[in-house]
Amino acid sequence: MAQAAKPKIKRRGTRPAAAGSRAHRQAERRRAILAAALQEFSARGFAAARLDDVAVAAGIAKGTIYLYFRDKEALFQDLIRSEMSPVVATLETALALDLPVRVVAERAVELFVREIYGTSRRDIIRLIISEGPRFPKLAEFYYREVVSRGIAAVRALLVRAVERGELRSDAVIRFPQLLVAPGIVAIIWNGLFEPYAPLDVQALMRAHLDLLLGEGTAK
């Protein structure tokens, strides 16, 4: 007499757990690649850096990197998105606060110093400054993803300030770059002259606010 077939026992949770673990490993590997890319780009420049070197620095097989990024330009663009875009979003929120322009500007300075100048993100800006002229597509991408959004948020802040009578001139509305210029100067200075003449970037930017907005202390 034939034995009855044993019912199949479904193992619950195995596939979702495995998928979740795989997704976690992929996310960790992607973060490792981006960190290694910033390290290699900063050390060698965009032109000289090679994806093979990035893979080695990330601790993965050379061919694996192409599963995540099709080429060096795509890798650099993703680096901008992952590192700079969240900070820009935070800056947009900070600049939109319904507070006096000086208060908002002071907070923006603190955000810049803490999240950009005091981190490896400043190396991304330095790379754009040095490599952008040779790689205009990267400069265009950075302008679209970072600069244009920052300038729009600064201009909106300054328009509100003029409408409230906090600013007497609309020059800064026409040239919002004036408000952010010290940050760029500080990054260039840091790369060239920091060992010889360290710069207090926060004090520099606050002094610049005094010149543009009038002396005062944010409360």
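Laid out as a table, the results:
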quantity	calculated
P(r) tail fraction, region 42-101 - alpha-carbon pairs more than 20 Å apart, %	43 percent
Over region 93-139, volume per residue of the alpha carbon convex hull, in Å³	92 Å³
Neighbour cut-off at most 13 other Cβ (10 Å), DSSP loop, trypsin sites (Lys or Arg not before Pro), region 45-145	R50, R70, R134
Semi-axis lengths, Å, region 117-219, gyration tensor of Cα atoms, sqrt of 5 times eigenvalues	26, 20, 10
Signed unit charges on C-beta, dipole axis of the chain, positive-most listed residue A156, I128, L38	L38
Between helix 14-44 and the chain: long-axis angle, C-alpha atoms, 0 to 90°, nearest 10	40 degrees
Extension gain (nm, one decimal) between A74 and L199, 0.36 nm per residue minus Cα-Cα	41.6 nm
Residue-averaged 222 nm ellipticity for the chain, from DSSP H runs of 4+ at -39500 (n - 2.57), nearest 500	-20500 deg cm²/dmol
Ellipsoid semi-axes in whole angstrom, largest first, where each is sqrt(5λ) of the Cα gyration tensor of region 53-156	31, 15, 12
Sequence-separation-based contact order of the chain, relative, with Cα cut under 8 Å and 6+ spacing, percent	19 percent
Solvent-accessible heavy-atom area per residue, rounded to whole Å², over region 64-176 at 1.4 Å	51 Å²
Gaussian network model of the chain, springs between alpha carbon atoms under 10 Å - residue of D123, D78, D98 with greatest fluctuation	D98
Carbon and sulfur %, accessible surface of the chain computed with the full protein complex present, 1.4 Å	57 percent
Accessible solvent surface per residue of region 178-219, calculated while the other protein chains remain in place, 1.4 angstrom probe, Å²	63 Å²
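The values are calculated or read from the model by the stated rules, or taken from the named source; none is laboratory data. All values derive from a computational prediction rather than experimental measurement. Note: ideal-geometry Cβ built from the backbone for every residue, glycine included; neighbour counts use all protein chains shown. Heavy atoms of the whole protein, side chains included, go into the accessibility calculation; ligands, DNA and RNA do not. Shrake-Rupley method; radii C 1.70, N 1.55, O 1.52, S 1.80 Å.
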